[in-house]
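The values are calculated or read from the model by the stated rules, or taken from the named source; none is laboratory data. Computed from a predicted structure; not experimentally measured. Every residue, glycine as well, gets a Cβ built from its backbone with ideal geometry; the counts of neighbours run over all protein chains shown.
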Amino acid sequence: MKGIQKTKRSMMLSASDAALMEAGQGSLDKASRELAEEVKELIDERNDVEKASKDREEVKEEQSDEAEGKEQARLQEKMYNFSESQ
């Protein structure tokens, strides 16, 4: 009888351990998914920041090119006006 009770107790403890491990694994899987999602969001956010920064640099370059073109046009107009007055 003691042997049966001991076996029964051992089986119950094993089942209990298995249930706890399964619950723990489920928690780890959930935490891993959440962490992976958070990392993905941070990478996307970083990429957007880099893209926005790159876009700003491109706009500055375009504005600089436009300003340089206007300055050249103004100088050419001055030279033309000067040559016409001579």
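The set of residues in region 38-52 that are more than 8 Å from the chain's Cα centre (by Cα) and modelled with pLDDT of 85 or more contains only 38. Would you mind stating whether residue 84 is among the acidic types (Asp, Glu) and over 32 Å from the mean Cα position of the chain (by Cα)? It is true that residue 84 is among the acidic types (Asp, Glu) and over 32 Å from the mean Cα position of the chain (by Cα). When we screen 25, 5, 76 for residues that are over 17 Å from the mean Cα position of the chain (by Cα), part of a helix (DSSP H, G or I) and surrounded by fewer than 10 Cβ atoms within 10 Å (Cβ to Cβ), the only hit is 5. For the residues 35, 13, the requirement of being assigned to a helix (DSSP H, G or I), at pLDDT 85 or above and among the aliphatic types (A, V, I, L, M) singles out 35.
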